[in-house]
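Worksheet: the structure to be examined is printed underneath.
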Amino acid sequence: MLLAQQGAATVSTGEAVSFWVLGPLALAGALGMIFARNAVHSALFLVMTMLSLGCIYMVQQAPFLGFVQIIVYTGAIMMLFLFVLMLVGRDASDSVVEVLRGQRLWAGVLGVGLAVLITGAVARSLIDVTDQGLAADTANGGRGNVANIGQLIFSDYLFPFELTSALLITAAVGAMVLGYVNREQRGRRTQKELVEARFRGEHDRPSPLPGPGVFATANSVATPALLPDGSVAPESLSRLIESTTADKLAAERESVAGTGPAAGTRALAPGKEESR
Amino acid sequence: MTRAQLLADDPLWLILIKAVALLLLGALATMAMIILERKIVARMQHRPGPNRVGPNGWFQSIADAIKLPFKEQIIPDTADRKVYFLAPIISTIPAFLAFSVIPFGPEVSIFGERTVLQLVDLPVGVLVVLACSSLGVYGIVLAGWASGSPYPLLGGLRSAAQVISYEIAMGLSIVAVILYTGSLSTGDIVDAQASGWYFYLLIPSFLIYCVSMVGETNRAPFDLPEAESELVGGFHTEYSSMKFALFFLAEYVNMVIVSAFCTTLFLGGYMAPWPVSLIGDNYFNTGWWPLLWFFTKTWFFLFVFIWLRGTLPRMRYDQFMRLGWKILVPANLVWIVLVVALRAFRNEAEISATTILVAGGIVLVVLIGLSFLLPDRAAPDEDSDRVPVTGGGYPIPPLDLVVPDKDAAAPRRVRRKRQTASVGAGAEKETEQ
């Protein structure tokens, strides 16, 4: 309690205001990330949390850490997450089937463990560690924040730093080996070889898939192309967005294809008749 | 007083004036840039360009700026509305934010208050620009995703991959500058160029930065996220009205930012160029004059952007990625190692610049000599027995073809004419019946 009061005495108004704005934002982002139904929304909430954390670092006189947090985590890593999420499609991530058995139980156990660890670390930093203040030579004093960080990373913490980079490089190379192993065995085909393979029947069809239909009633790319007999060409619907548009635009497709109920002869607007 | 101290002294009204000026600068530069781009590209293509609104059509941008926000908004049925709404905002705000660390000029006096023409001078100023550009991409990627149709999605995906890869090249090209300056602050970088601008001291860094800044802003020839020949409009296909205008604004403000940043990093920022800097003990480098030099240099880069768009065709996506990952990034890494080694040598042993240049020249000659020893790439062995399906399979006249002379060919032509005539007559008869 005493320690908390001592800490509170040194907090300026501006810092307190920014904390009470950024802290709840970060927390809301974290909760939103867990409870959002859509995977991309989850990722966006996480971005919000990371941005708030980055801003808190800057307020705490750690500008380098704050901006690196934004560049690396929000800029690069979350962008990769989004990239993957978009590649798997919009609704693929909404599956509620648990792939890993006992996932929730273990997540709960590990979560509690992590919470205990963090509480221990914070408690220790509050009780045992004596603070040096930001003006200390190893903090923002001396040659400044950035130079001090560089000094520490390349002298005292060189070995852990190199270990981390070795770990990351190993992970990257491993991912590439796993991802490219099939392609390397087959050898990459040239455009000419691909054309020949298409005509030999090694692929589903020799030509590309038909494009979307563009009609007077709908200019969306989700509108299917029509075959000569007026029926829908199923191949013209994109695999990526089929799950959403095929359902949502079913009525529109029907009216375009002419398979829906015909309008009454006395109806002024053909579409309104059926809704009544 | 140093820059940071001067800026910390600023009263609130001065900070507000500067912030509003930066906001106006972005918007006005966008409008000027759009009309200039249309005029210049038109001139390059031998056509008049916009010539209806105002004298010679120079007010076209103003008309467009008024018209665009008042157009009808169309939100696709499949769009994810919240994200769709957020995306243009996310792409615009960081673009303007990056202006705050660009030094536009040295110490001046505004209404009696000594200050520097810069909003803030952070010790990590360079990182601010990088962070803003990495945040701005979210707008494009989310716009692509939230539109709920395939072309924008593809545009968004391309943009994500493109910006991640070119941001690495861009970040690496800045490393050499930081090594030379010993500071991440934009003000210090400009000051450090008093003895020599970095664009010739660090030529490889400058060139790589120039390529990656075009890639980073999604401009031709690297405008793959909105490639209109492949993706209709790319990420902004489904956007209209004010939201589309915001994307437009973000793109052009980003161009101004990267140009201003390039000026700061490599062209000596607001410093007067060489012949001018000799006049009157560098008189033109004081007061408000530097603003002129700064904007001259920035507009030069903006003109290059337009020039590139009028000149180069769009690159293919895989070529573009190969350029980024296999050429720019490795070349940059090698260059950084070279710079570090040179600096270490110069710090340790007192080696003069000539020694380094001579040694570098010898190494270069040896490398060129070694490159001649490399075997040429073997020609791909053609399977002569196989009948090719396409390309070579097209009927080609034999090499010993004898062309028949004119007299022999003449009757054939006559016969053909008769045939067509008779067909025409037949058709007429049919219609008569």
State, to one decimal in nm, how far the label point of B:Arg314 lies from the label point of A:Gln191, with both points 7 Å from Cα in the Cβ direction. 1.6 nm
Listing B:Ile164, B:Ile189 by rising number of other beta-carbon atoms within 10 angstrom, fewest first, gives B:Ile164, B:Ile189
So how many Lys-Lys pairs in chain B land under 18 Å Cα to Cα, not counting same-chain pairs under 8 apart? 4
Within a Cβ distance under 13 Å of B:Trp325, other residues only, what is the Lys/Arg minus Asp/Glu net charge? 0
Can you give the helix-only mean residue ellipticity at 222 nm for chain B, where every DSSP H stretch with n ≥ 4 adds -39500 (n - 2.57) and the sum goes over all residues, rounded to the nearest 500 deg cm²/dmol? -21000 deg cm²/dmol
Let me check I've understood the local charge: for A:Asp137, count other residues with C-beta under 15 angstrom from its C-beta, Lys and Arg +1, Asp and Glu -1. What total comes out? -1
Cα centroid separation - segment A:10-63 against segment B:30-102, whole Å: 33 Å
Expected max-MSF residue from B:Val402, B:Val276, B:Val128 in the GNM of chain B (alpha carbon, under 10 Å) is B:Val402
Segment B:Val337-B:Ala42, length gained on full extension (0.36 nm per residue, minus Cα span): 101.8 nm
Segment B:142-156 - phi-based ³J(HN,Hα) in whole Hz, Karplus 6.51/-1.76/1.60, Gly and Pro as x: 5, 4, x, 6, 6, 5, x, 9, x, 5, x, 4, 4, x, x
By Cβ neighbour count within 10 Å, fewest first, B:Val337, A:Val99 rank A:Val99, B:Val337
Using the beta-carbon distance between A:Leu209 and A:Leu80 and R0 = 45 Å, what value does 1/(1 + (r/R0)^6) give for FRET efficiency, to the nearest 0.05? 0.95
Determine the distance separating the Cα centre of segment B:104-150 from the Cα centre of segment B:1-26; give it in Å without decimals. 14 Å
Going fewest to most other Cβ atoms within 10 Å around each Cβ, B:Cys262, B:Cys132 line up as B:Cys262, B:Cys132
What does the charge count around B:Asp188 come to, taking other residues whose C-beta lies under 11 Å from its C-beta (Lys +1, Arg +1, Asp -1, Glu -1)? -1
Dipole of segment B:3-357 (Lys/Arg Cβ +1, Asp/Glu Cβ -1, origin at the Cα centre): which of B:Val129, B:Val339, B:Ser147 lies farthest to the positive side? B:Ser147
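Rule-based calculations on the coordinates, nothing more; no lab input. Note that the structure is a prediction, hence the values are computed from the model and not measured. Using ideal geometry, Cβ is built from the backbone for each residue, glycine included, and neighbour counts are taken over all protein chains shown.
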